[in-house]
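Undergrad: Below you will find the structure I want to go over with you.
The values are calculated or read from the model by the stated rules, or taken from the named source; none is laboratory data. Everything numeric here is computed off the predicted structure, so don't read it as measured data. Heads up, the Cβs are rebuilt from the backbone with ideal geometry, glycines too, and the neighbour counts pull from every protein chain shown.
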Amino acid sequence: MAAQGGAQRNFRILFLSLILAGGLVPAWNWWETQKTASLAAACRAAILEGKWDPAQSLAEQWVSRSPQDAQAWLSLADVAKHRGDLAATAECLGRIPTTDESYLNSQMLRGDLLLDGLKRSDQAVEVWKAMLAVSPHANVAYQRLIYVYSMTLQRERMVKQIRVAIQNQAEPPEAYGYILTAPNLVFTDGYLKVGQWLQANPDDETLKVAQAVYAARTNPSKGMKMFGTSAVQVGDGARVMECLKDYPDNLELRAFVIEKAIGDANMAALGQDLQKLPIAAESDSRFWRYIGTFRDSQRRPKEAADAFVQSIQLHPLDWKSHHELGAIQRVLGHPELAAKHAELGARGKQLEREFMELPNATQADAVLLESLLRFAKDCGDQDVVNGLTFRLQTSGSSAPSNEAILP
C-alpha cells in the first residue's frame, strides 16, 4: 500500500509539473515580447532626443532580438545616418525583408546612398534590379537604372530597360529622349560623373571604358578635373586604345574606333575593324550601320541596303540608318523607298537635335512628344508608340515618382 501511495504521489507531481511547464512557454513568450517592446520604445525615444550613443546600443540589441523586424533595422539605419556612416546605413537598409511594406521605399534610399554617397554604381544597380524583381512597376528603380546605364554608355541595356519600363507603364519622362538618341547618346557631365564612380571601383571595365570614351569626346576645359592616377587627357583618344588592348570585345571601344575610321574616310581601316567585331555586335544597330557604310564604299549597294535594314530592325528610331538607307535605295532605283527613308532620316535628326537642346530630357513638352510619336509610328517602333500614346492620352508624359523617406 505504501508503495502504491508513493507511486500515486509521484504521478501527481509529474502531472502537475507538466501542467506548469506547459504554462511557462506562453509566459516566457509574453515576457520576451514585452522586453522587446520596451527595448523598441526606449530606442525610439533615444532617437527622437538625439541621444545617438544609447540609441545605437538599444537599436543593436533590438535587431539582435528581432532580426526580421524591419522597424529595428530602420532604427539602426537612422542612427547610422545621423552619425554620417553611409556604409552602415546602406547595410542596415539591405536587411529589410522583401515582404515588409517599407521594403521599396527603404531600397530606393539604399540605392541612392550607394550611388550618390558611396559612389558604388555597381551595387546600386543590383539594389534596383532586386526592387524590380519584387515589384515590376517600381518606377523609381527603372529611372535610376536607365540613368546609370545611359551615363555609363551601356546603350543596349538602357534601351532594353526603357522598353520593359514602357511595357509596365513605369517609364520615366526622359526615357523617350534617351531611346531616340541611344545610338548617339553622350552627356556633357559624363566624364566627371563616371570618374567619381570609378574612384570607388577602379577595376570596373564599364566605368574605365566610359571614362576613356568621354575623355576622347570631350573638349578640353580648364575647369575639368582628372580623377584617379591614370594619365587620361581630355580630348585625347589614347586611353581608348589602351583600354582596347585590355577589353578587345568591348562594343563601346569598337564603336569609337570604327566611327573615327568613318570620320577620317579610312575605309581600309574600317574594313579591318569590322573583321574584329565580337558576336555581341550582331544585336547592336550601330554595327550594322557601319557594315552598310563599308559595303556601300565597296560598291555593293544591295548588301549595304540589307545591312541598313537590319540596323533599323534592331533600333527603328536610328535616323542615321534611315538616312543611309534612303541614299542606297536611290542608287538601287527605288525612288519611293528612297524618299521615305530620307524623310525619316531628316525628321529623326531634327528630333534628336531638339531633345539634345533641352536643358533636361524631362522637359519635353506635349508638342515635342507628339512629334516623336508620329516619328515612332512611321518607323514602326510599337513600344514607343504604345508608351507615348498612353502618356499623352492620360495627360501625364511623365510617370509618377516616389520619394524614399527613412522613418
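Undergrad: Of the residues Gly292, Gly271, which single one is assigned to a helix (DSSP H, G or I), small (Gly, Ala, Ser), modelled with pLDDT of 95 or more and surrounded by 17 or more Cβ atoms within 10 Å (Cβ to Cβ)? Before the answer, list the steps.
TA: On the way: Gly271 fails: surrounded by 17 or more Cβ atoms within 10 Å (Cβ to Cβ).
Result of the check over Gly292, Gly271: Gly292.
Undergrad: Going through Leu104, Leu113, Leu118, Leu145 one at a time, which residue ends up being surrounded by 21 or more Cβ atoms within 10 Å (Cβ to Cβ), modelled with pLDDT of 95 or more, aliphatic (A, V, I, L, M) and farther than 22 Å from Tyr178 by Cβ? First the steps, then the outcome.
TA: Values: Leu104 fails: surrounded by 21 or more Cβ atoms within 10 Å (Cβ to Cβ); Leu118 fails: surrounded by 21 or more Cβ atoms within 10 Å (Cβ to Cβ); Leu145 fails: farther than 22 Å from Tyr178 by Cβ.
Unique residue meeting the criteria: Leu113.
Undergrad: Need the failing condition index for Arg65 against (1) modelled with pLDDT of 90 or more; (2) out of contact with any helix residue (DSSP H, G or I) (no Cβ under 9 Å at 6 or more places or on another chain); (3) of a type outside the set (Phe, Trp, Tyr), just the number.
TA: So the condition that Arg65 fails would be (2).
Undergrad: Going through the range 380-402 one residue at a time, which ones are closer than 17 Å to Gln313 by Cβ and either modelled with pLDDT under 95 or surrounded by 21 or more Cβ atoms within 10 Å (Cβ to Cβ) (or both)?
TA: Across the range 380-402, the qualifying residues are Asp381, Val384.
Undergrad: For the range 112-150, name all the residues that are closer than 17 Å to Ala175 by Cα and of a type in the set (S, T, N, Q).
TA: Asn139, Gln143, Ser150
Undergrad: Just to be sure I understand, how many residues within the range 123-142 are assigned to a helix (DSSP H, G or I) and out of contact with any helix residue (DSSP H, G or I) (no Cβ under 8 Å at 6 or more places or on another chain)?
TA: Looking only at the range 123-142, we keep the residues that are assigned to a helix (DSSP H, G or I), and these are 123-134, 139-142.
Right, trim to out of contact with any helix residue (DSSP H, G or I) (no Cβ under 8 Å at 6 or more places or on another chain) and you get 126, 133.
Total meeting the criteria: 2.
Undergrad: I'm trying to understand the selection: among the residues of the range 79-100, which are out of contact with any helix residue (DSSP H, G or I) (no Cβ under 6 Å at 6 or more places or on another chain), among the acidic types (Asp, Glu) and closer than 22 Å to Trp128 by Cβ?
TA: Glu91
Undergrad: Could you say which residue among Ile312, Ile279 is more than 24 Å from Tyr176 (Cα to Cα) and of a type outside the set (Asp, Glu)?
TA: On the way: Ile312 fails: more than 24 Å from Tyr176 (Cα to Cα).
Of Ile312, Ile279, the one residue that is more than 24 Å from Tyr176 (Cα to Cα) and of a type outside the set (Asp, Glu) is Ile279.
Undergrad: Identify, from the list Ala361, Ala342, the residue that is in contact with a Gly (Cβ under 7 Å, 6 or more places away or on another chain), of a type outside the set (S, T, N, Q) and either at pLDDT below 95 or exposed (fewer than 14 other Cβ atoms within 10 Å of the Cβ) (or both).
TA: On the way: Ala342 fails: either at pLDDT below 95 or exposed (fewer than 14 other Cβ atoms within 10 Å of the Cβ) (or both).
Answer to the selection: Ala361.
Undergrad: Determine, yes or no, whether Ala280 is over 19 Å from Asn184 (Cα atoms), surrounded by fewer than 18 Cβ atoms within 10 Å (Cβ to Cβ) and under 36 Å from the mean Cα position of the chain (by Cα).
TA: Here the answer is no, as Ala280 does not meet what is asked.
Undergrad: Let me ask another. So, in the range 312-359, exactly how many residues are without any contact (Cβ under 8 Å) to a residue 40 or more places away in the chain and in a helix (DSSP H, G or I)?
TA: 30
Undergrad: Something else: Return yes when Ile47 is touching a residue at least 12 places away in the same chain (Cβ under 8 Å), more than 26 Å from the chain's Cα centre (by Cα) and surrounded by 15 or more Cβ atoms within 10 Å (Cβ to Cβ) and no when it is not.
TA: Spelling it out, Ile47 is indeed touching a residue at least 12 places away in the same chain (Cβ under 8 Å), more than 26 Å from the chain's Cα centre (by Cα) and surrounded by 15 or more Cβ atoms within 10 Å (Cβ to Cβ).
Undergrad: Next question, about the same structure. Read through the list (1) out of contact with any Lys or Arg (no Cβ under 6 Å at 6 or more places or on another chain); (2) farther than 27 Å from Leu153 by Cα, then give the number of the only condition that Thr89 fails.
TA: (1)
Undergrad: Give the residue that is modelled with the highest pLDDT, with candidates limited to residues of the range 224-256 that are of a type in the set (Ser, Thr, Tyr) and crowded, with 16+ Cβ neighbours inside 10 Å.
TA: Just the residues of the range 224-256 that are of a type in the set (Ser, Thr, Tyr), to begin with: 229-230, 247.
Going one step further and asking which of them are crowded, with 16+ Cβ neighbours inside 10 Å, we end up with 230, 247.
Numbers: Ser230: 36, Tyr247: 97.
Only one residue tops the list, namely Tyr247.
Undergrad: From the residues in the range 180-223 that are among the hydrophobic types (A, V, I, L, M, F, W, C) and closer than 26 Å to Gly348 by Cα, which one is modelled with the lowest pLDDT?
TA: Here the answer is Val186.
Undergrad: State yes or no: is Asp69 charged (D, E, K, R), surrounded by fewer than 21 Cβ atoms within 10 Å (Cβ to Cβ) and under 30 Å from Ala255 (Cα atoms)?
TA: So Asp69 does not fit the description; no.
Undergrad: Across the range 83-122, which residue is farthest from Pro202 (Cα to Cα) among those that are in a helix (DSSP H, G or I) and of a type in the set (Asp, Glu)?
TA: Per the stated criteria, the residue is Glu91.
Undergrad: A further question on this structure: Any residue in the range 111-133 that is among the charged types (D, E, K, R) sitting within a Cβ distance under 6 Å of a residue that is part of a helix (DSSP H, G or I)? List the pairs, counting only those 6 or more apart or interchain.
TA: These pairs meet every condition: Lys119/Gln196; Lys119/Trp197; Lys119/Ala200; Arg120/Leu114; Arg120/Ala200.
Undergrad: Could you pull out the residue among Ala3, Ala21, Ala55 that is within 26 Å of Leu118 (Cβ to Cβ) and at pLDDT below 95?
TA: Numbers: Ala3 fails: within 26 Å of Leu118 (Cβ to Cβ); Ala21 fails: within 26 Å of Leu118 (Cβ to Cβ).
When all the criteria are applied, what remains is Ala55.
Undergrad: Restricting attention to the range 148-190, and to residues there that are more than 12 Å from the chain's Cα centre (by Cα) and among the polar types (S, T, N, Q), which single residue is surrounded by the fewest Cβ atoms within 10 Å (Cβ to Cβ)?
TA: Thr188
Undergrad: Hey, can you tell me all the residues within the range 53-68 that are under 21 Å from Thr99 (Cβ atoms) and either free of Cβ contacts under 8 Å to residues at least 12 places away in the same chain or not in a helix (DSSP H, G or I) (or both)?
TA: Selection gives Ser64, Ser66, Pro67, Gln68.
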